[in-house]
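Student: Following this message is one structure expressed as structure tokens.
The values are calculated or read from the model by the stated rules, or taken from the named source; none is laboratory data. Source: prediction; values computed, not measured. Here the Cβ is made from the backbone with ideal geometry for all residues, glycine too, and neighbour counts use every protein chain on show. Calculation scope for accessible area: heavy atoms of the full protein, side chains included, ligands and nucleic acids excluded. Shrake-Rupley method; radii C 1.70, N 1.55, O 1.52, S 1.80 Å.
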Amino acid sequence: MSKNLTSRAEDYSKWYNELVVKANLAENSAVRGCMVIKPYGYAIWEKMQAELDRMFKETGHENAYFPLFVPKSLFEAEEKNAEGFAKECAVVTHYRLQNDPDNEGKLRVDPEAKLEEELVVRPTSEAIIWNTYKGWIQSYRDLPILINQWANVVRWEMRTRLFLRTAEFLWQEGHTAHATKAEALVEAEQMNDIYAEFAENFMAIPVIKGVKTESERFAGAVETYCIEALMQDGKALQAGTSHFLGQNFAKAFDVKFTNNEGKLDYVWATSWGVSTRLMGALIMTHSDDKGLVLPPNLAPSQVVIVPIYKTDEQFEAITEKAESIIKELKALGVSCKFDKRTTHRPGAKFAQHELQGVPLRIAIGPKDLENNTIELARRDTLTKEIVQMDGLASKIKELLEVIQNELFHKALNYRDEHITEVNDFETFKAVLNTKTGFISAHWDGTAETEQKIKELTKATIRCIPMKNKKEEGTCVYSGKPSIQRVLFAKAY
């Protein structure tokens with residue numbers, strides 16, 4: 001299976017596309033720009049979802065659900081938000097079909113069934129949610145509102161790629177309302193921290209926390225916090241965002257409350273989200289030319305056991321031992337699969353589990369039963385060792401933690417080696433086209449310079465790092481004074 005993969009060095013984009021399909025994660029659908037997420041891919045997404053959901057609830061958030069359709073008048077209410085998403089919106093104009101009198105057996109849109117007001121298929125839910133919050137909030141006693149929604153959204157993308165950019169995708173979106181600016185700012189930063197913690201501890205992806213420049217902010221936000229990751233091809237990927245919305249949406253939807261001093265004021269808001277784009281980040285950060293490499297914390301099966309036998313008696317004896325091992329592993333919280341399919345030979349099973357990134361593979365044959373051993377193979381390093389069955393479950397539990405840690409540090413080393421300080425524009429362009437990665441350079445703070453650099457190099461300012469130190473310098477492009485370095489990169 002993996003032998004048919006294009007190598008990363010030959011064509012990184014083709015490698016990615018082939019891997020997503022051949023590892024049974026997702027495929028293109030009959031609907032242009034939309035994907036089918038297959039069971040194995042969805043199992044990984046479910047593990048992400050479960051962990052994030054736990055983290056959200058531990059910080060006081062609750063789940064709710066809001067409509068897929070947003071009346072156009074509501075969508076227009078916050079002008080910057082509407083303008084920012086206008087070109088990506090799918091719009092419902094009619095509410096029924098009818099038999100086509102000119103084409104037997106075919107349907108057409110009923111011209112008499114035009115909606116009085118068009119409905120926007122949500123590209124994001126601020127409009128419908130803030131219209132709803134208006135009925136929920138009267139007093140400071142009703143605040144804060146801390147709500148998250150797991151949903152799908154539609155953004156009409158022209159160029160699509162599985163998981164990274166599709167017309168419809170899955171995500172979560174948090175929408176919170178607060179009595180004070182300070183509370184809302186704490187919320188926005190807290191959620192960005194949660195995304196960073198999840199990315200690093202569960203996805204084994206190192207990220208840089210930062211804020212976006214004005215031109216890169218979410219449409220309608222006062223401040224956008226983000227986590228930026230670096231893929232193996234040296235391109236950046238925005239892995240999550242959290243937005244401080246100020247009072248913009250409250251004013252647009254007239255959401256006021258009586259504060260504890262008895263005065264009317266507009267509420268303060270945040271929104272934040274991550275999507276199935278994280279699947280793309282996971283694939284591109286760790287995987288190799290043989291297929292997926294999954295961090296144990298997100299692998300649907302952390303261990304797979306493959307029996308090697310010739311007779312039914314051998315299979316029965318191996319099965320008994322395998323079931324005993326699985327029971328011990330489950331008791332330690334390790335997920336394990338016994339691949340007892342009779343339709344595939346062991347070599348084909350090895351190839352499939354290697355392609356699908358199962359962290360550890362156990363092979364058991366008749367001689368292993370005699371010697372009380374198993375063959376243990378690591379997917380991340382492609383190494384094998386013969387291990388005694390005594391104390392096997394504990395050893396595997398410890399080894400999974402080692403693999404998780406080593407995957408993170410491998411990605412961290414790559415990321416850190418690909419952050420390059422640059423002080424002039426010629427070097428900037430040279431590094432971008434050869435070494436790639438993040439470029440740390442001074443910027444004069446103007447949108448004009450930011451846009452010019454983007455036009456000339458296709459690099460954007462990924463973020464202004466949260467831990468940025470202030471230092472005097474001159475802009476890498478304009479030569480004007482600068483107070484700090486920012487991170488540039490080409491990005492997905």
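Student: Could you name the aspartates and glutamates whose alpha carbon sits less than 15 Å from that of Lys290, not counting residues in the same chain fewer than 8 places away?
Tutor: Hits, sequence-local ones excluded: Glu10, Asp11, Glu18, Glu354, Asp380.
Student: Give the value in nm², to one decimal: projected area of the alpha carbon convex hull of segment 118-169, averaged over all directions.
Tutor: Taking a quarter of the hull surface, the average projection is 5.0 nm².
Student: Using the Kirkwood formula over every pair of different C-alpha atoms, what hydrodynamic radius in Å results for segment 239-366?
Tutor: 19.0
Student: Report the extension gain between Lys469 and Glu313 in nm, rounded to one decimal, defined as 0.36 nm multiplied by the number of residues separating them, less their alpha carbon distance.
Tutor: Full extension of this stretch gives 49.4 nm more.
Student: Sticking with this structure for a sec: Can you tell me the equivalent ellipsoid semi-axes for segment 3-48? Use √(5λ) from the Cα gyration tensor, largest first, whole Å.
Tutor: The three semi-axes for segment 3-48 are 21, 14, 9 Å.
Student: Additional query: Relative to the present Cα-Cα distance, how much length would full extension add between Lys87 and Asn201 at 0.36 nm per residue of separation?
Tutor: Here the answer is 37.4 nm.
Student: For the chain, what % of the accessible area comes from carbon and sulfur atoms, probe 1.4 Å?
Tutor: It is 49 percent, rounded to a whole number.
Student: Can you tell me the mean projection area, over all orientations, of the convex hull of segment 140-257's alpha carbons? Units nm², please.
Tutor: Averaged projected area of segment 140-257's Cα convex hull equals 8.8 nm².
Student: Could you order Tyr65, Tyr492, Tyr309 by accessible surface area, starting with the largest, using a probe radius of 1.4 Å?
Tutor: Tyr65, Tyr309, Tyr492
Student: Along the principal axes of its C-alpha atoms, what lengths does the chain span, in descending order and rounded to whole Å?
Tutor: 79, 68, 56
Student: I would also like to ask the following. What is segment 32-85 by shape, rounded, prolate or oblate, if you read a ≥ b ≥ c off the alpha carbon gyration tensor as root eigenvalues and call it rounded for a/c under 1.5, prolate for a/b larger than b/c, and oblate otherwise?
Tutor: It is oblate, given that a/c is not under 1.5 and a/b is not larger than b/c.
Student: In Å², and per residue, what accessible area does segment 34-154 have when probed at 1.4 Å with the other protein chains present?
Tutor: 56
Student: Next up: Note the per residue figure in Å³ for the convex hull of the C-alpha positions in segment 142-206.
Tutor: 128
Student: Quick one: accessible area per residue over segment 447-492, 1.4 Å probe, rounded to a whole number of Å²?
Tutor: 56
Student: Something else about it: Decide, for segment 451-492, between rounded, prolate and oblate: order the square roots of the alpha carbon gyration tensor eigenvalues as a ≥ b ≥ c, take rounded if a/c falls under 1.5, and otherwise choose prolate if a/b is larger than b/c, else oblate.
Tutor: Judged from the Cα gyration tensor, segment 451-492 comes out oblate (a/c at least 1.5, b/c at or above a/b).
Student: Could you name the aspartates and glutamates in cross-link range of Lys321, using Cα to Cα under 20 Å and dropping any fewer than eight places away on the same chain?
Tutor: Those aspartates and glutamates meeting the cut-off are Asp312, Glu313, Asp339, Asp368, Glu370, Glu375, Glu385, Asp390.
Student: Could you tell me which of the pairs Lys209/Lys429; Lys212/Lys490; Lys38/Lys340; Lys235/Lys470; Lys80/Lys467; Lys14/Lys235 are separated by over 20 angstrom between their Cα atoms in the structure shown?
Tutor: Lys209/Lys429; Lys38/Lys340; Lys235/Lys470; Lys80/Lys467
Student: Which GluC sites (Glu not before Pro) does segment 201-289 hold that lie in a coil by DSSP with at most 13 other beta carbons within 10 Å?
Tutor: Of the GluC sites (Glu not before Pro), the ones in loops of segment 201-289 whose Cβ has at most 13 other Cβ atoms within 10 Å are Glu261.
Student: Between 0 and 90 degrees, rounded to the nearest ten: what's the tilt of helix 447-457 against the longest Cα principal axis of the chain?
Tutor: 40
Student: For segment 89-207, state the average projected area of the convex hull of the C-alpha atoms over all orientations, rounded to one decimal in nm².
Tutor: Taking the Cα atoms of segment 89-207, their convex hull projects to 12.2 nm² on average.
Student: Now, a different point. Against the longest principal axis of the chain, how steep is helix 12-22, in degrees 0 to 90 to the nearest 10, with axes from Cα atoms?
Tutor: 70
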